[in-house]
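Comments concern the structure below.
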Amino acid sequence: MSTLATKNIDNAYVAGDNAGKYRQTQSEKVKLIPEHVTQADLKHVEEHGYIVIENVLSGDEITTVKNAISPLLNETGRNSFEGYKTQRLYGVLNKTRALDRLVDHPRILALLNKLFMPNYLLSQLQVINLLPGESGQPLHFDDGFYPIPRPRAPLGAATIWAIDDFTESNGATVIVPNSHTWDDNQKPTTEQAKSAVMKAGSVLFYPGTFWHGGGANHSSANRLAVTCQYCEPWLRTQENYFLGTPLNVVADLSEDIRRMLGFSIHPPFIGMVNGMHPKRLLEDM
């Protein structure tokens with residue numbers, strides 16, 4: 001059986017909250033993606049550990065994203081992992097709606113539906129702008145902070161959206177094909193790594209067990225990207241959206257993003273508030 005196989009669970013068990021008021025919701029956006037497309041995407045991820053999907057964002061969408069986030073970029077990283085010459089923007093959902101489409105894009109949600117239990121969560125949303133002169137990020141896999149030995153199924157997955165062209169010279173993400181199935185004793189070598197070159201508007205998708213890292217920017221221009229990371233619904237997220245997202249912001253989000261922020265239940269009661277479904281907090285908004 002594939003290490004990326006969907007978990008087998010009782011459909012009745014995940015149908016809703018204990019009170020029966022809020023039923024499990026399914027993304028309407030996913031219905032826009034033909035099943036054969038999702039299966040082909042999933043097969044590529046299973047075989048190689050990643051997939052690059054090209055031309056997902058239009059030129060107008062790229063411009064909208066750039067115009068929204070460029071004024072928000074300021075401080076550079078605090079350590080070699082964040083990047084001393086890399087600008088990072090956290091708490092994005094509180095600052096702009098321009099990236100919502102990247103978080104709940106139907107092509108990505110369709111893949112996540114195959115990989116994880118219902119009501120999976122958004123673990124992190126971040127803008128990453130590599131400035132000229134940035135060095136390469138240490139190679140890593142994203143769900144390594146969960147202390148469960150490998151090989152194993154992924155506990156998370158991520159997208160990296162190219163807002164600028166990703167080239168070998170400007171810091172395209174370095175990836176290690178087929179590394180998603182490795183055990184804890186395997187570490188990547190330079191010969192195994194390659195640059196994920198892709199045009200602006202493309203997206204790189206990979207499971208949390210996949211080795212990768214930001215590339216070095218040897219060019220004279222910035223390299224702008226957005227990463228959305230997701231995890232199983234029973235795990236703690238990287239970014240604490242429960243504390244960090246005001247209810248008035250949550251009320252303005254899509255149903256898919258609300259669910260991924262934790263306004264959902266992992267049955268029978270993980271995520272409840274005062275014994276009730278967290279959506280009740282939005283009833284008076």
Carbon-plus-sulfur fraction of the accessible area of the chain, 1.4 Å probe, in percent? 53
For K43 and S219 in the same chain, what is the full-extension length gain: residue separation times 0.36 nm, less their Cα-Cα distance, in nm? 59.9 nm
Residue-normalised accessible area of the range 172-285, given per residue in Å² at a 1.4 Å probe: 44
Please give the per residue accessible area of the range 90-167, computed with a probe of 1.4 Å over protein heavy atoms only, in Å². 30
Cα-based shape type of the range 120-184, given that a ≥ b ≥ c are square roots of the gyration tensor eigenvalues and the cut on a/c is 1.5: prolate
Please determine, in degrees from 0 to 90 and to the nearest 10, the orientation of helix 35-48 with respect to the longest principal axis defined by the Cα atoms of the chain, where the helix direction is its Cα long axis. 50
Modelled label-to-label distance, I148 and K95, 7 Å Cα→beta-carbon offset: nm? 3.2
How far apart, in nanometres, would the label points at S58 and K194 be if each is projected 7 angstrom from Cα along the Cα-to-Cβ direction? 3.3
Could you work out how far helix 59-69 tilts from the main Cα principal axis of the chain, as a 0 to 90 degree angle to the nearest 10? 90
Multiply the residue separation of F81 and H36 by 0.36 nm, subtract the distance between their alpha-carbon atoms, and state the gained length in nm to one decimal. 12.4 nm
What does the C-alpha gyration tensor say about the overall shape of the range 126-285? Classify as rounded when a/c is under 1.5, otherwise prolate if a/b is larger than b/c, or oblate. oblate
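The values are calculated or read from the model by the stated rules, or taken from the named source; none is laboratory data. It should be emphasised that the depicted structure is a prediction, and the values quoted were computed from it without experimental measurement. Quick reminder, even Gly has a Cβ in these numbers, built from the backbone with ideal geometry, and neighbours come from all protein chains shown. Protein only, heavy atoms only, side chains kept; ligands, DNA and RNA dropped before computing areas. Shrake-Rupley method; radii C 1.70, N 1.55, O 1.52, S 1.80 Å.
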